[in-house]
Amino acid sequence: MTAWTRGNIFKLIELYRSHPSLWNPHRSDHKDRDKRERKLEYIAQQMNMPIEEVVRKIRNLRTQLQQEVKKVKEKQCVAPSQLLDKSYRSTWCYYDALQFLNTGDEEETVDVTNRPNTSTRNEKFTFSQQKQYAIKLYKQKKEEELLLKLQKIFNRSKTDNQIFADYVASSFTNLKHEISRSRLRRRIQKAIMEAEAEDAILSHRSNTTES
């Protein structure tokens, strides 16, 4: 039986998402117990696990998601006398992958539950692949957020250097872990020292040439 590694859990989530009749109560086939049973059997087949174990894991993931959603809402909706932390996001690694359960987003999928097991290498989701995909989505989102911040917060009278300095300071402040901040601080300090040394050499060459 396959172990519940992080990569396999991501794979389970993708398989579950690809069959909306299992989780979307607004679909007409959601009440079709036989069809849902076939789809769960197919997922269990792809995961190489008993159907009971798959159902148990899905139930646990949904329960944890509800707890995380509640935690996020509590962080973002505090008393008026306190500061609103609208930037708070769950640190649970499966939170974003399971958001389709909250938004109802569906993906087009071909019903293969009645076909024999013909799994291919393309159906396997390794942790490395999931990590790369998550990083790509995260970078895209941060770029979009940066553009909005530049449009709304930064004054047009500021120079490009001032805008970039504000961006660096904002990004540094938003880091959640002290380890990340310490590493970034060392890298920035090292980059500044290298730039200052290079600038001094260029200035010296310029003065020598002029004289």
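Values quoted throughout were computed directly from the atomic coordinates according to the rules given, and no laboratory measurement underlies them. All figures in this text were calculated on a predicted structure; none of them were measured in a lab. Note that we place each Cβ from the backbone using ideal geometry, even for glycine, and neighbour counts take in every protein chain shown.
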Final fewest-first order of R62, R186 on the 10 Å Cβ neighbour count is R186, R62
Which of Y138, Y42, Y16 has the fewest other C-beta atoms within 10 Å, and how do the rest follow up to the most?
Y138, Y42, Y16
Pop a pseudo-label 7 angstrom from the Cα along the beta-carbon direction at both E52 and R205 and give the gap in nm to one decimal.
7.4
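Of the listed pairs K35/K73; K75/K141; K31/K71, which have alpha-carbon separations greater than 24 Å here? Walk me through the numbers before you get to the answer.
Values: K35/K73 35 Å; K75/K141 21 Å; K31/K71 31 Å.
In this structure, K35/K73; K31/K71 lie more than 24 Å apart at Cα.
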